[in-house]
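The values are calculated or read from the model by the stated rules, or taken from the named source; none is laboratory data. The model shown is predicted, which means the values in this text are computed figures rather than measured ones. As a convention, Cβ positions derive from the backbone with ideal geometry for all residues, glycine included, and neighbour counts pool all protein chains shown.
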Amino acid sequence: MGDDLYAVAVQWVQQVVAAPAVTPLVTASSLVIGLFNLRGEIVPLLDTAALLGVGHVAGIEPVAFAVVLRGTEGPAALAATAVPERISLDPPASTSALEGTDGTFQVDGRVIVLLDPAVLLRSERLGGGDLSSASVAPSRV
């Protein structure tokens, strides 16, 4: 997201979608950018920065990439502003103060924060069920 680097453990990742065609939801939480169709499945696209409390990914520009995660209640996608890449992480360099993260790592002189989708995608973190109450729970079409 922007100049900040974040990682997600590969076992959480279902796939990466370039430039998803997002339908905004005006009644949804500010954490939800909108919905997109992934091979017949409606997937909520979440504002990764807003989930972490560090601003907003969504702005004037469309979302460049969506990292679709296998959530406990179906798929959910995190917005990304640059091409996601696969890397190996060494042991953590330190902890992270951000809720929903699981440490910081150094790779080639870059600091990377590991996201914890189990925490980020909890319904109470998303507003106590805002995804389902805003009719954006993952579903088949």
query = Got at least one residue in segment 68-86 being in contact with an Asp or Glu (Cβ under 7 Å, 6 or more places away or on another chain) and not acidic (Asp, Glu)?
reply = yes
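Every residue, every condition in (1) of a type outside the set (Gly, Ala, Ser); (2) in contact with a helix residue (DSSP H, G or I) (Cβ under 8 Å, 6 or more places away or on another chain); (3) surrounded by 18 or more Cβ atoms within 10 Å (Cβ to Cβ), yes or no:
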position	(1), (2), (3)
55	no, yes, no
69	yes, yes, yes
86	yes, yes, no
94	no, no, no
106	yes, no, no
109	no, no, no
117	yes, yes, yes
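Suppose we filter 93, 50, 58, 97 for residues that are modelled with pLDDT of 90 or more and under 13 Å from the mean Cα position of the chain (by Cα); which single one remains?
Values: 93 fails: under 13 Å from the mean Cα position of the chain (by Cα); 58 fails: modelled with pLDDT of 90 or more; 97 fails: under 13 Å from the mean Cα position of the chain (by Cα).
Going through 93, 50, 58, 97 in turn, just one is modelled with pLDDT of 90 or more and under 13 Å from the mean Cα position of the chain (by Cα): 50.
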task = Looking only at segment 1-57, count how many residues are under 28 Å from residue 109 (Cα atoms), touching a Ser or Thr at 6+ places or on another chain (Cβ under 7 Å) and of a type in the set (Val, Ile, Thr).
result = 1
Close pairs (6 angstrom Cβ cut-off, 6 or more residues apart or separate chains): among the polar types (S, T, N, Q) in segment 68-96, surrounded by 15 or more Cβ atoms within 10 Å (Cβ to Cβ) and in a strand (DSSP E or B) anywhere = 94/104; 95/103; 96/103; 96/104; 96/113
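Could you list, in sequence order, the residues of segment 1-29 that are of a type in the set (Gly, Ala, Ser) and either within 24 Å of residue 114 (Cβ to Cβ) or touching a residue at least 24 places away in the same chain (Cβ under 8 Å) (or both)? Outline the logic, then answer.
Here is the first cut: in segment 1-29, the ones of a type in the set (Gly, Ala, Ser) are 2, 7, 9, 18-19, 21, 28-29.
If the condition is that a residue be of a type in the set (Gly, Ala, Ser) and either within 24 Å of residue 114 (Cβ to Cβ) or touching a residue at least 24 places away in the same chain (Cβ under 8 Å) (or both), then 2, 7, 9, 18, 19, 28, 29 are the ones that fit.
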key: Subset of segment 110-141 [part of a loop (DSSP other than H, G, I, E, B) and modelled with pLDDT of 55 or more]   = 116, 121, 122, 123, 124, 125, 126, 127, 128
